[in-house]
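The values are calculated or read from the model by the stated rules, or taken from the named source; none is laboratory data. If you're wondering where the values come from, they're calculated on a predicted model, not measured in any experiment. Positions of Cβ are generated from backbone atoms using ideal geometry, with glycine treated the same way; all protein chains shown enter the neighbour counts.
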Amino acid sequence: MTRLNSRLFATSGLVLGCALIAAPAAAQTAPPPATAEVETIVVTAQKRAERLQDVSASIAAVSGSDIAETGKNGFADVMASVPSLSMVSQGPGLSTLALRGITTGGVRNDEPQNKETVGVYIDETPISVNGFNPDLGLYDISRIEVLRGPQGTLYGSGSMGGTIRIITNKPRFGSFEGSAEATLSQTEHGGTNSGVKGMVNIPLAEDGLALRAIAYRTYTSGYIDNDLTGQHNINDAETTGARVELGARIGENLRANFSYMIHDLETGGRSEQTSPYHRLTRGFDGLTDRINIFNATLDYDLGWAGVTSSTSYMKKRNTNRNSLEFLLNTAFGFNSTAPLVDTTAIEDFSQEFRITSSGDGRLNYVVGAFYQDRKRDYTQAADVAGIDAFTGTSSTGLGAQHADQAFYGVQDIHQKQKSLFGEVSYKLTDKLTATAGLRYFDFNEAYRTYSSGLLNGGADSGRGNFSESGFTPKFNLSLAATKDNLIYLQVAKGFRLGGVNTTVPVDLCRADLERLGRTNAAGSFGSDSVWNYEIGSKNQLMDRRLTLNASAYLIDWSNIQTTLNLPSCSFSFRTNAGTARSLGTEIEARYAFTKTLEVYGNLGFTDSTLTEDVPFTPWKKGDRVPGVAKYQVSAGARQALTWFKEDDSYVRLDYSYVSSMNTNFDTNGVNSRRYGDYHIVNLQAGVRVPGRPLEVSLFARNLLDGDGRVLSIAGGLVGPERFITVQPRTVGVTLQATF
């Protein structure tokens, strides 16, 4: 703690010191301090529009203006400023999200049944895919809402740690407007990055029909050199995307919004390093990720209530490559650069229908129904030229599709989920409100698995059905002591659906299974769940110049879905094993010193540990949950300045710290690694050009060029010891125009 505190307070002092130095300049032109006020944010986290400070739950909201000004491009950028939100990432498009310590570790792209613990939505559409969460282009965004704690009542399965909602700007009637942005930057140890983004809002009929369209394209050069192939900056990435929304007002009470989004990501290789900014691998391990999302939302105002229908369809195809050169060399002495190609194809249809009361009376409610039909086809193929002749085997004789196919496997999964949900709130007095919620879910999954080839020891297959049903309740009691001070107590349950395992070859993995005390792998695994006990307070003080929110929670996690690795044969399977407890707090403060100077500071503390020994594993009571930082700190200051005229320019400094994490429960195990414990400082300054709707800003991200590790990976059959770091210092310029 001593080293943590000294480094933490030293950098925090730098941030606050810059704010205080800037304060006299602001005082020259600023109105009296009493006119300053922290920005008011309206959220729809509880399925109705409410002021953030009036919602009796722990919610962080990142405004669209903050996203635009700081250049946030994805979850990694958002994570730094949100307490209790963490992410394990192997690069763009390869991430696992966690809230409040509810996670079992790193990214497992080869486990399509490893379901998410954080639900992710863009507007009304669920888009979360554990291990492949899409970093959609965050341009022309109204806000991002982070709902911490289980959201099992309103958002259902996969939200047992929390929910993230990306809210886009909607078409505006009767107003033609647009914006554009161009960015050029240079990354230390790397090359030149570029990006262009644009938006146009076109009214098509007076006060009744409008089209809003955005497009973006970004290129990140990468910063890792491959010493074996002589390639430079191999972890480059190119992202292109577009979003079109058509809004219509049909009569006085009905509004419709139709949206279509496409997102395309292609990378040149993983961000894994074997030494700082270098790697040693010959195989290509890039990623392609293509997503299409359609949504139709209808809102009808009854006066006393609103009726909403949301219909969504998502089609996603992800091709992820892993190098097999180390496994083939170690297992067979065969020299090859062939990759193991994982292809995930998802088609997801969802429909939600709900009725939400107006919020004007003592009794308020949200009731609805949800249906989801998801098909997920997962294919693995390892085509290795010459492997049959070298080993004297026949791939087709081992069940593969064709000669020299060392492995071929499929997991075809068809999931259907039906849910009924509702929350009812009643004002017991003018200040005291009680809320009760309940969700019923019914889930069915049909599956087919097939594995074959030399690396599988032959062919095996399985098929069957898996089903579950149950209830998730919620209870909340809130006291609005004043219009600006709220205290709440909450108890809520969240869950994650179970599933099936691919077939694990017994002969090939017998030694590993015996070490776990098993004769075979589990064919299926059940749902796991959490109970969250929470107390929170939301406060605005000093004429709303100071916002201070805090929450403390205790989460009991049972029947944990856990991946058991079989290191000798490179297979794994999931099972339910053990219980854990997560204890923590979140504190968020924002203060408007004057109308031109604002500072903020956030603290997240998460202590997530096992509460019992896990049978057949080295995991013991007291082991920390992997991939969870105990401390997260962020702070910053923004000073508006006068360059040509009042408040036409600004300078801001942002700081974040993430404490250490472990890769495994058994921290003393041979494959466990520690990472994290790093600081990031970002600096940005901008000015509006006089007489022009143009803003120029300069930025330096990771100003001190820290090399903090966001992931460490132990060496083994599939590769050497390696790690992933934060992006090195990146300095650039952004031009923004509005019309």
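Structure values in brief
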| quantity | calculated |
| --- | --- |
| Number of the exception - Leu138 against (1) at pLDDT below 95; (2) assigned to a strand (DSSP E or B) | (2) |
| Candidates Gln411, Gln372, Gln401, filtered to the one that is of a type in the set (S, T, N, Q) and over 30 Å from Glu124 (Cβ atoms) | Gln401 |
| Top-ranked residue of the range 602-618 - restricted to ones that are modelled with pLDDT of 90 or more and among the hydroxyl-bearing types (Ser, Thr, Tyr), ranked as nearest to Asp666 (Cα to Cα) | Thr609 |
| Residue count, the range 699-736 (criterion: among the β-branched types (Val, Ile, Thr), assigned to a strand (DSSP E or B) and closer than 30 Å to Pro567 by Cα) | 4 |
| Flag if Val651 is more than 22 Å from Ser86 (Cβ to Cβ) and either in contact (Cβ under 8 Å) with a residue 24 or more places away in the chain or of a type in the set (Val, Ile, Thr) (or both) | yes |
| Contacts under 6 angstrom Cβ, first residue in the range 78-95 being in a loop (DSSP other than H, G, I, E, B), partner small (Gly, Ala, Ser) and buried (at least 23 other Cβ atoms within 10 Å of the Cβ), 6 or more apart | Ala80/Ser634; Ser81/Ser634; Val82/Ala60; Pro83/Gly604; Ser84/Gly604 |
| Breaking point among (1) at pLDDT 85 or above; (2) crowded, with 22+ Cβ neighbours inside 10 Å; (3) of a type in the set (Gly, Ala, Ser), for Ser529 | (2) |
| Residues of the range 471-485 that turn out to be over 20 Å from Ile535 (Cβ atoms) and either surrounded by 15 or more Cβ atoms within 10 Å (Cβ to Cβ) or at pLDDT 95 or above (or both), as a count | 1 |
| Selected residue (criterion: modelled with the highest pLDDT) from residues of the range 486-519 that are among the polar types (S, T, N, Q) and crowded, with 16+ Cβ neighbours inside 10 Å | Gln490 |
| Qualifying residue in the range 103-113 (condition: modelled with pLDDT of 90 or more and assigned to a loop (DSSP other than H, G, I, E, B)) | no |
| Filter result for Glu266 (crowded, with 17+ Cβ neighbours inside 10 Å and either in a strand (DSSP E or B) or hydrophobic (A, V, I, L, M, F, W, C) (or both)) | yes |
| Any hit, the range 243-260, residues being among the hydroxyl-bearing types (Ser, Thr, Tyr), out of contact with any Gly (no Cβ under 6 Å at 6 or more places or on another chain) and either without any contact (Cβ under 8 Å) to a residue 40 or more places away in the chain or over 30 Å from Leu209 (Cα atoms) (or both) | yes |
| Residues of the range 216-231 satisfying the condition of being modelled with pLDDT of 95 or more and surrounded by fewer than 18 Cβ atoms within 10 Å (Cβ to Cβ) | Arg217, Tyr219 |
| Gly686 free of Cβ contacts under 8 Å to residues at least 12 places away in the same chain and among the small types (Gly, Ala, Ser) | no |
| Any chance Asp289 is within 23 Å of Tyr408 (Cβ to Cβ) and touching a Gly at 6+ places or on another chain (Cβ under 7 Å) | yes |
| Residues satisfying the stated conditions in the range 687-711, i.e. more than 18 Å from Phe739 (Cβ to Cβ) and more than 29 Å from the chain's Cα centre (by Cα) | Val687 |
